[in-house]
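The values are calculated or read from the model by the stated rules, or taken from the named source; none is laboratory data. None of the values given here were measured: they were computed from a predicted structure. Using ideal geometry, Cβ is built from the backbone for each residue, glycine included, and neighbour counts are taken over all protein chains shown. For accessibility, only protein heavy atoms count, side chains too; no ligands or nucleic acids. Shrake-Rupley method; radii C 1.70, N 1.55, O 1.52, S 1.80 Å.
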Amino acid sequence: DFALLSPECRAIHAHRDEIVILFCLACADRDFSEREMDHIVRHVVTNTADVLDEAEVRRFIRLWVPDERAFERALNRMRLGEGDPHALLRSLRRVVEADGRVDPKEAAFIQEVQARLRHAGRLGPGIE
């Protein structure tokens, strides 16, 4: 039963699509740093009403190995109305900036996500 799960499990489930997209971005430059992980964990913690154990959230996220198929499913669900696209874009930018440099692959990744969300009507026409 979903109600019996820990607050961390419920938060991971509620933000699963955003986590997958953020995780894929962090891996785009083939250098997934601890600071990038910190921003993914922070995304879950700050966008959840419950008080969460950050170490537990981190542990759950570390177990994931999202691939391109998981990314496409996650982005499609977000295009159809799941998640918070504005919070996702803020966190995408934070993950990119976490290691102090913007890799061209990361910039292209964000542009693709932003374009697809905008095309689906989830973002306005201006810079988000």
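Confirm whether GLU8 is under 20 Å from ARG122 (Cβ atoms) and surrounded by 14 or more Cβ atoms within 10 Å (Cβ to Cβ).
Answer is no for this residue.
Select the helices (runs of 4 or more DSSP H) contained entirely in the range 17-128, then report the ones holding at least 1 residues which are closer than 25 Å to LEU5 by Cβ, open to solvent by less than 20 Å² (accessible area, probe 1.4 Å) and not hydrophobic (A, V, I, L, M, F, W, C).
Passing ranges, in order: 34-46, 85-97.
I need every pair where a residue in the range 41-61 that is closer than 17 Å to LEU88 by Cα has its Cβ under 7 Å from the Cβ of a residue that is charged (D, E, K, R) and in a loop (DSSP other than H, G, I, E, B), sequence separation at least 6 or different chains.
Close Cβ pairs (under 7 Å, with a partner that is charged (D, E, K, R) and in a loop (DSSP other than H, G, I, E, B)) amount to ASN47/ASP84.
Looking at GLY100, GLY83 in this structure, which one is on the phi > 0 side of the Ramachandran plot and in contact with an Asp or Glu (Cβ under 6 Å, 6 or more places away or on another chain)?
GLY83
Residue pairs, Cβ under 6 Å, 6 or more apart or interchain, first in the range 15-34 and farther than 12 Å from LEU88 by Cβ and without any contact (Cβ under 8 Å) to a residue 24 or more places away in the chain, second open to solvent by less than 30 Å² (accessible area, probe 1.4 Å) and in a helix (DSSP H, G or I). List them.
PHE32/ALA26
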